[in-house]
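Colleague: Shown below is the structure under consideration.
The values are calculated or read from the model by the stated rules, or taken from the named source; none is laboratory data. Source: prediction; values computed, not measured. Every residue, glycine as well, gets a Cβ built from its backbone with ideal geometry; the counts of neighbours run over all protein chains shown. In case anyone asks, the SASA skips ligands and DNA or RNA and just uses the protein heavy atoms, side chains included. Shrake-Rupley method; radii C 1.70, N 1.55, O 1.52, S 1.80 Å.
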Amino acid sequence: MKWFDYQAPTTLANTLALFDSHPGAYLLAGGTDLLVQLRAGRKQTDLVLDIKHVAELNEISFDVADGLTLGAAVSCAQTYENAAVKTHHPSLAEVASIIGGIQIQGRASIGGNLCNAAPSADAIPLLIALSAKCRVASSKGERQIAVEDFCIAPGKNAMLPGEILVSLHLPAPKKGSGASYLRFTPRNEMDIAVAGVGASIVLEGGVFKHARIALASVAPRPLFVPVAGDSLIGKPVNVESIEAAAELAKGAATPITDMRGTVEYRRHLCAVLTKRALEAAVKQAQEAK
Amino acid sequence: MSTPSYSVIGTRPIRHDGADKVTGRAIYGADFQMAGMLHGFILRSPHAHARIKRIDTSKAEVFPGVNAVVTTKDFPAVDDSKIVDLGEGNTPLRWARSNVLADGKVLYRGHAVAAVAAVNAHVAEEAAGLIEVEYEVLPCVLTAPEAMKPDAPILHQDLKMKELGETTGKVSNVAEHFRHVMGDIEAGFAAADVVVEREFNTATVHQGYIEPHNATALWNNDGRISIWCSTQGSFVVRDATAAILDIPVSQVKVTPMEIGGGFGGKIPVYMEPVAALLSKKTGRPVKILMPRQAVFEATGPTPGSYMKVKVGAKKDGTITAAQAYLAFEAGAYPGAMVGPAGMTVFAAYDLANVTIDGYDVVVNKPSTAAYRAPGAPNAAFAAESVIDELALKLGMDPLDLRLKNAAKEGTRRADGPKFRRIGCVEVLEAMKNSEHYKSPLEGSNRGRGVAIGFWFNVGLPSSCTLNVTADGTVNLIEGSTDIGGTRTSIAMQAAEVLGLKSEDIHPTVVDTDSIGFTGVTGGSRTTFATGWAAYEAAQDVVRQMKERAAKIWDVPSETVEQAGGVYRSNGHSIGFKELAARIGETGGPIVGRGAVNPRGVGGSFAGAIVDVAVDPETGKTTILRFTSIQDAGKAIHPAYVEGQMQGGSVQGIGWALNEEYFMSGDGRMMNSSFLDYRMPTALDLPMIETIIVEVPNPGHPFGVRGVGEANIVPPQAAVANAIAHAIGTRLTRLPMNPPAVMEAIWQKSTSPRS
Ligand SMILES: Cc1cc2nc3c(=O)[nH]c(=O)nc-3n(C[C@H](O)[C@H](O)[C@H](O)COP(=O)(O)OP(=O)(O)OC[C@H]3O[C@@H](n4cnc5c(N)ncnc54)[C@H](O)[C@@H]3O)c2cc1C
């Protein structure tokens, strides 16, 4: 690993100014992706900006009107230990607890998981399913990006030079809602998803009122599959409607063959996991009643 | 043989190195520091097979902070045909050297090409990147069957095939073809009612020790080299380093640091001679730590293999013939451990007609090293899968089929030796009588599998010194690196003889200048052989203590008897501690010496019983229950025996289900990290249950057999058999990872893929 300078600004304004004047700098949230990539020589930089000391980036709050605000640098452990997250977005608490192991979770952030834009990132399909919005800022101003538009290619996100992710915003869950992320890994921890599926649904009177489905590890970026979710709307909660959605999810997947699995196997997993994730979401919605 | 009663042996005292290890005070090679120390980095080949046309180190040499750069040219010139013994048999010196720093060709990706010493590791790494190497890339060959083809790319133009003991003069990737024959194989198959024949493949797998290799060397002004490193055998490092550098062994002193796992993979030397060369050039100590990726890419995995096994039996289960074809990948240099595979493949069976063919084949992967019972797990996967299928065809209980044909005292193996007292039958009976085997297995997509395996264990020389201290305790000096609690299992054997408690013995593992020659910690030999040396040393102490007591009482020393640490003669009696307090006045220090080269090695059998559940939609296998059963001969410290059994089982499970070198076509390992090389974690396993069987080894004073290895032999086959019963079709390729199991389920079902 080559030498680099390290700075830890304490205000958002300062962070944005430094980032603006050092186009080659990298932000460090947990560093669990960044440091690995720097060590392996996949990224190089002269400056690393630690954002764990900036208040706005470490905020975690919930209210019924605005929903959940999750600062970009909040760690997975802080996320799954947060009472509001546990109550209103148990699926988010769940996904935060499967990223890496205990040590990783103490550092790694959901924001970093998103910014790193890996096709296999576990949090992103769930964030898409939950209709999360990204608050992005630069020294010139702010804007919002829907999370499904955030990742554009492996390791590439939609932010422009000088822009950083400030926080994620998840609408408060409606009555009758349930969500789940399921991934398939050969090992039960410390593994990269061979395929993953995030699903969120709203039920009303035994019928799907709303549904969003997104996939991990089966496309160059986390894949939002509107057709799969839309197919459920107005349908009764039963095996047929769920399996039909699962087939649509499978049909949207465009995986590659690599050491984690073949095209055929991964597409097959998309159907299996979509079915199971929907079943889990339905169960959650029904139990919440 | 009546069971002797022991007071220390068979108990579970705390380990002597426990406090240091749990408090983080134990000093490992990476912790080692010296004034003026430089840091090294090794440049490695990006190609699996290439000719080195040119190396230009000039830019690296002038890079700020760099002190020296070395390549293979820095080795002293020697006769090209010189043969050296590096602890695992005879090797031409040029091969031993060129694995350490490539000479002329690189033979695998990760092959060391040059090394840099600098003020710190980052500067050394950056400077290594400035070394220009011009390669002529050659086609590579990655599996034994491919490498055996007549038109395969040849790794070594100077490797001539040995065919059934004769040198053929034929340039080949096959270093050797051997054959063991017993009886008449054709007649045997003709007499069979049922014959099962299958082909098997196993992937290259790594030992996966947590601590990467490390070495610090100081080539002093007086010409002596000091080395501090993580090794299973300090004397092997000494001898190999001396051979590679072409200097006398007396000029090298090796201090083994605490070791973070080895499993056989820390027997070869990789960086020690390189650190020494860098130290010679700079006049300063040089430390090199190996990155994890290099551990995977450049240190000994265990061979991948291609095997064919055919077994025939009569309706009553009597096996009439057994045949094996074993082609093992040696990696870049000969030595694929196919010999041990041939020795163990049918060792559990008493057979009349056997043929075993073994092929040692070089391929463009790292040179393989020992890994727990090397070669035997591959062979057992093949043989025990076939036996399982045979049992199914015969409608017999798989353990009954094994018991009917089990090897016993007097059984001759196809490779020659006749078994002395062994515990094969006892292990099978313990499996059959286990609560696990008797328990019902309920639920769909579940299966139970069993298998048995053998490892012969080794002897080799060991030394031990005991120094009696005035407070009545004993300092034990030994040369065996402690990987599995051997400080304690050795100390306990001395304590038993001396009539002391385990805690009264203070064991220390010392450098090669401070103890007599001691072979590697490997071959399940340490508790057996170094324990025996401690036993001898303790007898020596007892003899001297008797003389001192005799002197005090003024009686002939032959009249003094010792039992339980109390010395008696003619109504006199004195305890060990009291007597120890008087050694100064009765003649001075008491030093007990033990030096052994034991012959009475006792092999160990181990069995595995496993229950699995297979997810029919994903192909993922969950281990529901696993029991390891092993003949320890005598379990000196049962908790450590159980630990060995559990560790071997877990490694076997990982090998069975997910571990593999996932290679690209051009010879690049795609998963050279612990994230992608999927060893099981605690969340992937149930508690591994253990049943220790004790059939004492008549060749050891306490009956010890050695337990480090046999336990890794049966799990792969047991898991394969369990999966076969769960899904109704058999996998013959390791690993049996979820995509592979899913594929097998798809192949079996006539319904279209979902
Ligand atoms: C052992 C191990 C296991 C892992 N297991 C998993 C797993 O199971 N599932 C999974 O999905 N991932 C896993 N990962 C990957 C990684 O831990 C996750 O992606 C994690 O969420 C990244 O968060 P971080 O805070 O550490 O990101 P960092 O490494 O700090 O940042 C990641 C990238 O995003 C950029 N960045 C960070 N914050 C911002 C911001 N606010 N604005 C703009 N850019 C930013 C950084 O510059 C960097 O390029 C694992 C990693 C390791 C080392």
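Colleague: With a cut-off of at least 3 residues that are open to solvent by less than 10 Å² (accessible area, probe 1.4 Å), name the helices (runs of 4 or more DSSP H) lying wholly within region B:417-517.
Modeller: B:424-432, B:486-498
Colleague: Scan region B:228-236 and give yes if some residue there is part of a strand (DSSP E or B) and out of contact with any Lys or Arg (no Cβ under 7 Å at 6 or more places or on another chain), otherwise no.
Modeller: Yes - at least one qualifying residue is present in region B:228-236.
Colleague: Next up: Within region B:733-744, does at least one residue satisfy the condition of being more than 14 Å from chain A (Cβ to nearest Cβ), at pLDDT 95 or above and assigned to a loop (DSSP other than H, G, I, E, B)?
Modeller: Scanning region B:733-744, I find no residue that is more than 14 Å from chain A (Cβ to nearest Cβ), at pLDDT 95 or above and assigned to a loop (DSSP other than H, G, I, E, B), so the answer is no.
Colleague: Among (1) closer than 15 Å to residue A:212 by Cα; (2) more than 13 Å from every other protein chain (Cβ to nearest Cβ); (3) touching a residue at least 24 places away in the same chain (Cβ under 8 Å), where does residue A:231 come up short?
Modeller: Going through the list (1) closer than 15 Å to residue A:212 by Cα; (2) more than 13 Å from every other protein chain (Cβ to nearest Cβ); (3) touching a residue at least 24 places away in the same chain (Cβ under 8 Å), residue A:231 breaks only (3).
Colleague: For residue B:37, only one of the following conditions fails: (1) in the same structural domain as residue B:129 (by TED's automatic domain parsing); (2) touching a helix residue (DSSP H, G or I) at 6+ places or on another chain (Cβ under 8 Å). What is its number?
Modeller: With (1) in the same structural domain as residue B:129 (by TED's automatic domain parsing); (2) touching a helix residue (DSSP H, G or I) at 6+ places or on another chain (Cβ under 8 Å) applied to residue B:37, the lone miss is (2).
Colleague: Could you check region B:107-142 and list, in sequence order, the residues that are touching a helix residue (DSSP H, G or I) at 6+ places or on another chain (Cβ under 9 Å) and under 30 Å from residue B:361 (Cβ atoms)?
Modeller: B:107, B:108, B:109, B:110, B:111, B:112, B:113, B:114, B:115, B:141
Colleague: Given A:267, A:221, A:276, which one is more than 16 Å from residue A:181 (Cα to Cα) and within 14 Å of chain B (Cβ to nearest Cβ)?
Modeller: That would be A:267, the only listed residue that is more than 16 Å from residue A:181 (Cα to Cα) and within 14 Å of chain B (Cβ to nearest Cβ).
Colleague: Hey, among A:27, A:68, A:35, which residue is in a strand (DSSP E or B), within 13 Å of the ligand (Cβ to nearest atom) and surrounded by 15 or more Cβ atoms within 10 Å (Cβ to Cβ)?
Modeller: None of the others qualify; the one that does is A:27.
Colleague: So, in region A:175-192, how many residues would count as being of a type outside the set (Val, Ile, Thr), within 14 Å of another protein chain (Cβ to nearest Cβ) and open to solvent by less than 20 Å² (accessible area, probe 1.4 Å)?
Modeller: Of the residues in region A:175-192, 4 are of a type outside the set (Val, Ile, Thr), within 14 Å of another protein chain (Cβ to nearest Cβ) and open to solvent by less than 20 Å² (accessible area, probe 1.4 Å).
Colleague: Turning to a different aspect of this structure: Given the conditions (1) near the ligand (Cβ under 10 Å from one of its atoms); (2) on the phi > 0 side of the Ramachandran plot; (3) without any contact (Cβ under 8 Å) to a residue 12 or more places away in the chain, which single one is not true for residue A:185?
Modeller: Residue A:185 satisfies all of (1) near the ligand (Cβ under 10 Å from one of its atoms); (2) on the phi > 0 side of the Ramachandran plot; (3) without any contact (Cβ under 8 Å) to a residue 12 or more places away in the chain except (2).
Colleague: Sticking with this structure for a sec: Among the residues of region A:193-231, count how many are open to solvent by 10 Å² or more (accessible area, probe 1.4 Å), under 19 Å from residue A:276 (Cβ atoms) and within 16 Å of the ligand (Cβ to nearest atom).
Modeller: The qualifying residues number 2.
Colleague: Is there a residue being open to solvent by 30 Å² or more (accessible area, probe 1.4 Å), under 32 Å from the mean Cα position of the chain (by Cα) and either on the phi < 0 side of the Ramachandran plot or not small (Gly, Ala, Ser) (or both) anywhere in region B:545-556?
Modeller: no
Colleague: Same structure, new question: Can you confirm whether region A:23-36 contains a residue that is more than 22 Å from residue A:113 (Cβ to Cβ) and of a type outside the set (Ser, Thr, Tyr)?
Modeller: Yes, some residue in region A:23-36 is more than 22 Å from residue A:113 (Cβ to Cβ) and of a type outside the set (Ser, Thr, Tyr).
Colleague: Any residue that is within 8 Å of the ligand (Cβ to nearest atom), of a type outside the set (A, V, I, L, M) and either in a helix (DSSP H, G or I) or not assigned by TED's automatic domain parsing to the domain that holds residue A:19 (or both) - is there at least one of those in region A:159-180?
Modeller: Scanning region A:159-180 turns up at least one residue that is within 8 Å of the ligand (Cβ to nearest atom), of a type outside the set (A, V, I, L, M) and either in a helix (DSSP H, G or I) or not assigned by TED's automatic domain parsing to the domain that holds residue A:19 (or both).
Colleague: Could you go through region B:598-611 and let me know if any residue there is open to solvent by 20 Å² or more (accessible area, probe 1.4 Å) and over 30 Å from residue B:428 (Cβ atoms).
Modeller: Checked region B:598-611: no residue is open to solvent by 20 Å² or more (accessible area, probe 1.4 Å) and over 30 Å from residue B:428 (Cβ atoms).
Colleague: Which pairs do you get when a residue that is within 13 Å of chain B (Cβ to nearest Cβ), found in region A:33-61, comes within reach of a residue that is more than 8 Å from the ligand (Cβ to nearest atom) and open to solvent by 70 Å² or more (accessible area, probe 1.4 Å), reach meaning Cβ atoms under 7 angstrom, with the pair 6+ apart or on two chains?
Modeller: A:44/A:2
Colleague: Further, regarding this structure: Tell me, which residue of region A:74-120 that is among the small types (Gly, Ala, Ser) and away from the ligand (no atom under 11 Å from the Cβ) is most open to solvent (accessible area, probe 1.4 Å)?
Modeller: Per the stated criteria, the residue is A:83.
Colleague: Here is a further query. Cβ-Cβ below 6 Å, separation at least six or inter-chain, first residue in region B:442-461 and modelled with pLDDT of 95 or more, second among the acidic types (Asp, Glu): which pairs?
Modeller: B:448/B:611; B:451/B:384; B:455/B:709
Colleague: Now, a different point. Can you spot a residue in region A:44-57 that is charged (D, E, K, R), more than 10 Å from the ligand (Cβ to nearest atom) and over 20 Å from the mean Cα position of the chain (by Cα)?
Modeller: Yes, region A:44-57 contains at least one residue that is charged (D, E, K, R), more than 10 Å from the ligand (Cβ to nearest atom) and over 20 Å from the mean Cα position of the chain (by Cα).
Colleague: Mind listing whichever residues of region B:60-80 are within 26 Å of residue B:138 (Cβ to Cβ) and touching a strand residue (DSSP E or B) at 6+ places or on another chain (Cβ under 7 Å)?
Modeller: Once the filter is applied, which keeps residues that are within 26 Å of residue B:138 (Cβ to Cβ) and touching a strand residue (DSSP E or B) at 6+ places or on another chain (Cβ under 7 Å), region B:60-80 yields B:60, B:69, B:70, B:71.
Colleague: Moving to a separate point now. With respect to residue B:632, is the statement that it is surrounded by fewer than 19 Cβ atoms within 10 Å (Cβ to Cβ), away from chain A (no Cβ under 14 Å) and small (Gly, Ala, Ser) true?
Modeller: No, not satisfied.
Table: residues versus (1) outside any helix (DSSP H, G or I); (2) crowded, with 22+ Cβ neighbours inside 10 Å; (3) away from every other protein chain (no Cβ under 13 Å).
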| position | (1), (2), (3) |
| --- | --- |
| B:645 | no, yes, yes |
| B:649 | no, yes, yes |
| B:652 | no, yes, yes |
| B:656 | no, yes, no |
| B:666 | yes, no, yes |
| B:674 | yes, no, no |
| B:677 | yes, yes, no |
| B:683 | no, no, no |
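Colleague: Being hydrophobic (A, V, I, L, M, F, W, C), open to solvent by less than 10 Å² (accessible area, probe 1.4 Å) and either without any contact (Cβ under 8 Å) to a residue 12 or more places away in the chain or closer than 20 Å to residue B:481 by Cα (or both) is the filter here, so list the residues in region B:260-287 that pass it.
Modeller: B:271
Colleague: A follow-up question, please. Any idea which residue in region A:121-151 is surrounded by the most Cβ atoms within 10 Å (Cβ to Cβ), counting only those that are part of a strand (DSSP E or B) and more than 14 Å from the ligand (Cβ to nearest atom)?
Modeller: For region A:121-151, the residue satisfying everything is A:133.
Colleague: Which of the residues spanning region A:250-277 are open to solvent by 40 Å² or more (accessible area, probe 1.4 Å) and assigned to a helix (DSSP H, G or I)?
Modeller: A:251, A:263, A:264, A:267, A:276
Colleague: Taking region B:540-575 on its own, how many of its residues are of a type in the set (D, E, K, R), in a strand (DSSP E or B) and in contact with a Lys or Arg (Cβ under 7 Å, 6 or more places away or on another chain)?
Modeller: 1
Colleague: For region B:685-695, what are the residues that are in contact (Cβ under 8 Å) with a residue 12 or more places away in the chain and more than 14 Å from every other protein chain (Cβ to nearest Cβ)?
Modeller: The answer is B:688, B:689, B:690, B:691, B:692, B:693, B:694, B:695.
Colleague: For residue A:19, work out the one condition from (1) more than 9 Å from the ligand (Cβ to nearest atom); (2) in contact with a Ser or Thr (Cβ under 8 Å, 6 or more places away or on another chain) it doesn't fulfil.
Modeller: (1)
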